[in-house]
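Notes to accompany the following structure.
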Amino acid sequence: MRDKKVGFVAMTAEDKAADNIPKIGIGMIGQAFMGKAHSNAWKKMPYIFWPPAAIPELVTICGVNEEALKESARRYGYKRYSTNWKDLINDDEIGIIDNGTPNYLHAEPSIEAAKAGKHIICEKPLARDAKEAKEMRDAVKKAGVKNICCFNYRVVPAVVLAKNLIMDEKLGKIFHFRARYLQEWITDPEFPIMWRLKKELCGSGALGDLGSHIIDLGRFLCGEIKSVMATTATFIKERYNVQTKTKEKVDVDDAIASVVEFENGAIGTIEASRFCPGRKNYNTIEINAENGSIWWDLENMNNLWVFWRGEEPIETQGFHCINVTESYHPYYDKWWPHGHIIGWENTFVHIVYNMIEAVMKNKPLEPYIATFEDGYRNNVICDAIAESSETGKKVLCKFN
């Protein structure tokens, strides 16, 4: 309908209903860092990946601090909030549970969600250990619900391009995988104790927090990991508890270094530390193979560096920087014109897009998206690294 005074054309109810796009309710468990990142993704996905298979409807957000939770619900656009995650499980309006809580709250809500027939996204690492992860994996398998373990670096366009090059056998036989994930945020000895520094709550330190990401990238790009040899270190043994005003023991690793062996014969190194001054979010991987090499750096995430052996002319042979922003690159047909980069937060847009496609169109998540099976296998490898550090021996990764 045209407004005669200003010349604008108003959308009619018929116009708005023309696409007939269904809605699906989202229940978000966790209001902090991941709650914010995931909520942003659910809101952004439908207008980037237009028309979506379904429009996510933010129904309920769950957290502990009621005052902050109320503000989060208002800020992010949820209909309501709750301090009890079971309210989300029992809500028929919710079809997908998004679990962005600390590690110790991954298992029970996810298992109960599966039993209720709800599809699930759970943050990484999937669990505190392999036993707990297996229970989660078995629950979603039994329920037949769609499930994602949120290893979001898999869906960076440059990483997907690397995956495609490998699957298309462009690189040939893989020889080496090396990865480092380095941060600096707990280097200060005055940094207080928190859940990420307590084994009971997190399972492991830098190993599960950072190392799990690059373990996943190793599995994603190079294949299954067969065995590990590792060492871990805890540099600051005690930290101050601001609530109890006492010092508490730090019983998780501050840093890990591991040699890994892949089933296909490739070997690799994995290093993770939160004690690297100057390193903010330094996640870098390199793969060397018979036909060339590739490397990628999260802090420059839109570029993939590629080297091809035997390239002519030999005088200019070397690594090429591929700016992965062309419309023919993974996901980029839905984003911006080439050269207009995307950021870290948009990896979660890709995650939730894949979940909606899987739920509404029954599209497969594998091999590109990490499922609870991948999360379980990641936990097995993390446990093997911890065992190797304790025993000083090579440990085989045994999956059930």
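Out of residues 5 or more away from C150 or on other chains, whose amide H comes under 5 Å of its own, with H placed 1.01 Å from N in the peptide plane?
It is C122, E123, K124, by chain and number.
Explain nothing, just the number: dipole magnitude of the chain about its Cα centre with +1 on each Lys and Arg Cβ and -1 on each Asp and Glu Cβ, in debye rounded to the nearest 20. It would help to have the intermediate numbers written out before the result.
On the way: 51 positive and 54 negative charges, 155 e Å.
That gives a dipole near 740 debye.
Out of residues 5 or more away from F191 or on other chains, whose amide H comes under 5 Å of its own, with H placed 1.01 Å from N in the peptide plane?
none
Stokes-Einstein diffusion coefficient for the chain at 25 °C in a medium of 0.890 mPa s, Rh from the Kirkwood formula over Cα pairs: what value in µm²/s? Provide the component values of the computation, followed by the final result.
Working: Rh = 22.5 Å.
Stokes-Einstein gives a translational diffusion coefficient of 109 µm²/s.
If packing is taken as the average number of other Cβ atoms within 10 Å across a peptide's residues, how do 356-367, 85-96 rank, most packed first? Walk me through the numbers before you get to the answer.
Details: 356-367: 14.7, 85-96: 18.5.
Descending mean neighbour count gives 85-96, 356-367.
Per-residue HN-Hα couplings for region 159-165, Karplus 6.51 cos²θ - 1.76 cosθ + 1.60 at θ = phi - 60°, whole Hz, x for Gly and Pro?
Values, residue by residue: 6, 5, 4, 4, 4, 5, 4 Hz.
Say each of D297 and K393 gets a label point 7 Å from the Cα, pointing the same way as Cα to Cβ; how far apart are those two points in nm?
4.1
From the residues W308, I381, I55, which one has its Cα farthest along the dipole of the chain in the positive direction, the dipole being from +1 and -1 charges on Cβ of Lys/Arg and Asp/Glu about the Cα centre?
I55
Would you please state which residues of region 219-241 a label at D251 would reach in this model, taking the label point 7 Å out along Cα→Cβ and a backbone N cut-off of under 12 Å?
none
Excluding residues on the same chain fewer than 8 positions from K245, give the aspartates and glutamates whose Cα lies under 16 Å from its Cα.
E190
When the Cα centres of region 84-144 and region 185-218 are compared, how far apart do they sit, in Å?
If we compute the Cα centre of each part, the gap is 21 Å.
Pull up all non-local amide H partners of G25: gap of 5 or more, or a different chain, and H-to-H distance under 5 Å with H placed in the peptide plane.
E57, G95, I96
Show which aspartates and glutamates lie in cross-link reach of K79 when reach means a straight Cα distance below 20 angstrom and same-chain residues fewer than eight apart are skipped.
List returned: E57, E66, E67, E71, D87, D91, D92, E93, D98.
Tell me the Kirkwood radius of region 292-368: reciprocal of the mean inverse pair distance over distinct alpha-carbon atoms, in Å.
Working: mean 1/r = 0.0679 Å⁻¹.
Result for region 292-368 stands at 14.7 Å.
Round to the nearest 0.05 the FRET efficiency obtained for R309 and K226 when R0 = 35 Å and r is the Cβ-Cβ distance. It would help to have the intermediate numbers written out before the result.
Values: r = 27 Å, r/R0 = 0.76.
Efficiency, from the Cβ-Cβ distance: 0.85.
Hey, which of these cross-link pairs are over 25 Å Cα-Cα: K115/K198; K23/K86; K36/K398; K36/K141; K86/K141; K173/K334?
Beyond 25 Å between Cα atoms: K115/K198; K36/K398; K36/K141; K173/K334.
Between R80 and A68, what length comes free when the chain is fully extended (0.36 nm per residue of separation minus the Cα-Cα distance, one decimal in nm)?
Working it through step by step, the gained length comes to 3.0 nm.
So, by mean Cβ neighbours within 10 angstrom, what's the order for 147-156, 48-57 with the highest one leading?
Values: 147-156: 25.8, 48-57: 17.4.
Listed from highest to lowest mean packing, they are 147-156, 48-57.
Give me the one-decimal nm value for the distance between modelled label points at Y240 and E290, 7 Å along each residue's Cα-to-Cβ direction.
The two pseudo-label positions are separated by 5.9 nm.
Spelling out what I want: for every residue of region 144-150, take phi, set θ = phi - 60°, compute 6.51 cos²θ - 1.76 cosθ + 1.60 (Karplus), and round to whole Hz; glycine and proline get x.
x, 8, 6, 8, 10, 9, 7
For labels at N264 and E169 in the simple 7 Å Cα→Cβ model, what's the distance in nm?
So the two model labels end up 1.2 nm from each other.
Bin width 5 Å, alpha-carbon pairs only: give the P(r) of region 4-152 as whole percents, running from 0 to the bin holding the largest distance.
Bins of 5 Å from zero give 2, 9, 18, 20, 18, 13, 8, 5, 3, 2, 1, 1, 0, 0 percent of pairs.
Which percentage, to the nearest 5, of the DSSP beta bridges contained in the chain is antiparallel? Could the numbers behind the result be given before it?
Details: 44 of 73 bridges.
So the antiparallel bridges amount to about 60 percent of the total.
Give me a comma-separated list of calculated 3J(HN,Hα) values for region 367-372, in order, Karplus coefficients 6.51, -1.76, 1.60 applied at θ = phi - 60°, integers in Hz, x for any Gly or Pro.
Per-residue couplings from phi come out as x, 7, 9, 6, 9, 5 Hz.
Each value in this text was obtained by applying a stated rule to the coordinates, not by laboratory testing. None of the values given here were measured: they were computed from a predicted structure. A quick note on method: Cβ atoms are made from the backbone with ideal geometry, for glycine too, and the neighbour counts reach across all protein chains shown.
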